[in-house]
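Here's the structure we're looking at; comments come further down.
The values are calculated or read from the model by the stated rules, or taken from the named source; none is laboratory data. Everything quoted here is computed from the prediction, not taken from an experiment. Ideal geometry is used to build each Cβ from the backbone, glycine not excepted, and the neighbour counts take in all protein chains shown. The area values use the complete protein model at the heavy-atom level, side chains included, leaving out ligands, DNA and RNA. Shrake-Rupley method; radii C 1.70, N 1.55, O 1.52, S 1.80 Å.
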Amino acid sequence: MDGGTLPAARAPGVLDSVAARSRTPPEAKAVQQNALTVFVKIRQGKVDELRVLLESIGKNLHTNPYIQFGELTTTHFCRFVIVPGDPDLDAPASLAFASNFDGDLDAYLDELIAVARRGLDAIYGLCDGYPGSSVSAGAVKDFLRQNSLPYGAFYKGHPGLSQRWIKNDIDVRHVIESFLQEQQKTPGWPPSPSEIRTRIQAHLAKFPGLSTALFDRDLPTWKDALPWLIPASLAGIVALPLVIEAAIVYAILLRYHEIRDKPDSLKTNFPISHLTELEDHTIQNQLTHIVPIKPGLFRLWTLKGVLWAINTLAYYIYNQGELGGIPSIHFARWVIIDGGKRLLFFSNYDGSWENYLGDFIDKASTGLTGVWSNTVGFPKTKWLIYEGATHEALFKQWTRAHQIPTQVWYSAYPDATVPNVINNTAIRGGAQGSLSESKTLEWLEEL
């Protein structure tokens with residue numbers, strides 16, 4: 001069973017806890033999932049103090065006095081991470097806040113400030129330019145907006161589903177599974193599939209805080225790209241001689257740069273033990289990665305072009321739970337920082353670091369090589385997208401060398417994998433309306 005049975009530690013009280021929640025079921029509509037990256041220079045001499053503060057929050061996510069993460073109703077994942085400075089690039093030590101959230105940015109910032117104002121004052125009070133704890137919420141919102149950075153590429157593993165819907169669907173599944181566990185003890189079990197489903201529907205009706213409503217996630221397809229793709233293609237055909245000449249020039253310049261690339265010494269930013277102790281506490285993990293971009297406009301604009309292509313593919317094609325065949329990524333993004341000098345990567349994923357990197361190598365090496373071939377020390381590449389990440393040992397060493405510890409990392413649903421989320425949505429949808437006997441049986445097999 002893809003989602004598994006109820007974990008033993010959670011099963012005894014799951015019905016009581018769901019029933020006790022006084023909440024309004026989520027609105028039956030798809031939402032736009034968005035990304036916020038706030039990047040602020042840390043005040044001189046305050047890095048260690050900030051690290052101590054963040055680590056105290058990170059180790060006590062649900063009991064710290066600064067941020068009540070559980071009250072954030074539109075946040076899927078968020079993190080605070082200290083990004084080390086790089087004197088060679090004149091890049092100062094900075095604080096990154098990265099969040100994946102639902103809906104409008106203004107509404108999100110309003111909730112964030114209301115829930116986390118004490119934490120924001122304490123954290124950003126150690127950073128440059130913060131207006132202070134005595135100012136209005138509007139001034140704090142302006143500060144966060146003014147220090148936000150656009151992403152180069154953004155991937156969503158379960159687009160259209162709000163945080164509230166994902167939690168709702170987890171609870172729906174838990175209620176159904178607990179009910180079925182009890183029903184198996186009754187005489188005459190099992191009845192027909194249709195009767196089982198009828199009983200499930202009646203049981204779910206006892207939980208008014210849950211919803212089994214259906215709605216269309218309205219995910220984009222490649223056909224939605226045609227309004228701009230066709231004119232761009234026609235323009236390319238009209239200008240074909242120029243396009244061919246430009247491609248030849250670019251290919252020559254690319255190979256020139258690739259041949260001149262020098263291997264990296266792979267100086268590790270942090271001991272691997274410092275990184276691994278932050279991993280594998282739940283089924284989900286996170287990765288924060290920072291690496292210098294190779295100098296020169298050629299590499300910077302190549303990187304921007306590759307990120308644009310990945311972002312476009314992620315929006316129109318890879319929006320069904322897999323990125324290039326990788327089914328374990330909830331959210332991921334690349335952000336160019338320090339005026340084009342460094343590339344920052346955030347990922348929220350399922351499973352172990354080793355398996356995640358293995359999937360990168362086996363299923364998405366061309367895309368990743370296309371991105372990181374433009375950064376310092378990446379394994380040797382050819383023609384932008386070949387080799388590179390396929391050098392497994394070197395790629396893993398390079399990734400660890402540029403990975404940095406995340407001091408605060410929060411997930412709103414830490415026990416759910418991407419396949420769980422998608423499967424739970426199908427289970428919730430199948431609990432409403434009428435189904436044929438065969439479809440009912442298929443639905444039950446999802447449990």
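Give me the accessible area of Val40, 1.4 Å probe, in Å² rounded to the nearest 10.
Counting only protein heavy atoms, the figure is 0 Å².
Between 0 and 90 degrees, rounded to the nearest ten: what's the tilt of helix 353-363 against the longest Cα principal axis of the chain?
In the chain, helix 353-363 runs at an angle near 70 degrees to the longest axis.
For a quick check, take a GNM of the chain with Cα springs below 10 Å and name the residue from Leu234, Leu149, Leu112 with the largest mean-square fluctuation.
Leu234
Ignoring ligands, DNA and RNA, what percent of the 1.4 Å accessible area of the chain is carbon and sulfur? Mind showing how you got there, number by number?
Values: 11970 of 20750 Å².
Roughly 58 percent, rounded to a whole number.
Using a 1.4 Å probe on the protein heavy atoms only, what accessible surface does His257 show? Give it in Å² to the nearest 10.
Ignoring ligands and nucleic acids, His257 comes out at about 50 Å².
Using a Gaussian network for the chain with springs between C-alpha atoms less than 10 Å apart, which of these wobbles most: Ser162, Ser365, Ser273?
Result: Ser273 has the largest fluctuation of those listed.
How large is ³J(HN,Hα), in whole Hz, for each residue of the range 173-189 in order, when computed from phi with the Karplus curve 6.51 cos²θ - 1.76 cosθ + 1.60 and θ = phi - 60°, using x for Gly and Pro?
So the J values, rounded to whole Hz, are 4, 4, 4, 4, 5, 4, 4, 5, 4, 6, 5, 5, 8, 7, x, x, 7.
Take the chain, connect every pair of alpha-carbon atoms lying under 10 Å apart with a spring to form a Gaussian network, then pick out the residue of Ala122, Ala98, Ala202 with the largest mean-square fluctuation.
Of Ala122, Ala98, Ala202, the most mobile in the Gaussian network model is Ala202.
All other residues with a Cβ under 13 Å from the Cβ of Gln284 taken together, and with Lys, Arg as +1 and Asp, Glu as -1, what is their net charge?
Details: positive: Arg79; negative: Glu279, Asp280, Asp350, Asp415.
Net local charge, Gln284 excluded: -3.
May I ask you to give the solvent-accessible area per residue for the range 202-335, in square angstrom, as obtained with a 1.4 angstrom probe?
Here the per-residue accessible area is 58 Å².
Excluding ligands, DNA and RNA, what is the solvent-accessible area per residue of the range 362-402 at a probe of 1.4 Å, expressed in Å²? Mind dumping the intermediate values first?
Values: 1650 Å² over 41 residues.
Dividing the accessible area of the range 362-402 by its residue count gives 40 Å².
With every protein chain kept in the model, how would you rank Tyr410, Tyr315 by accessible area, 1.4 Å probe, largest at the top?
Numbers: Tyr410 10, Tyr315 100 Å².
Final ranking, largest accessible area leading: Tyr315, Tyr410.
Residues with beta-carbon under 12 Å from that of Arg260, excluding Arg260: net charge, scoring Lys, Arg +1 and Asp, Glu -1? Mind showing how you got there, number by number?
Numbers: positive: Arg255, Lys262, Lys294, Arg299, Lys380; negative: Glu258, Asp261.
Charge balance in the 12 Å sphere: +3.
In this model, which of Lys59/Lys206; Lys46/Lys294; Lys59/Lys141 are farther than 31 Å apart at the alpha-carbon?
Lys59/Lys206
When the Karplus curve 6.51 cos²θ - 1.76 cosθ + 1.60 is applied with θ = phi - 60°, which whole-Hz ³J(HN,Hα) does each residue of the range 204-218 get, with x for Gly and Pro?
Each residue's phi maps through the Karplus curve to give 4, 5, 7, 10, x, x, 9, 10, 10, 5, 9, 7, 8, 6, 6 Hz.
Can you list residues whose amide H is under 5 Å from Val83's amide H, if they're 5+ apart or on another chain and H is modeled 1.01 Å from N?
It is Ser94, Leu95, Ala96, by chain and number.
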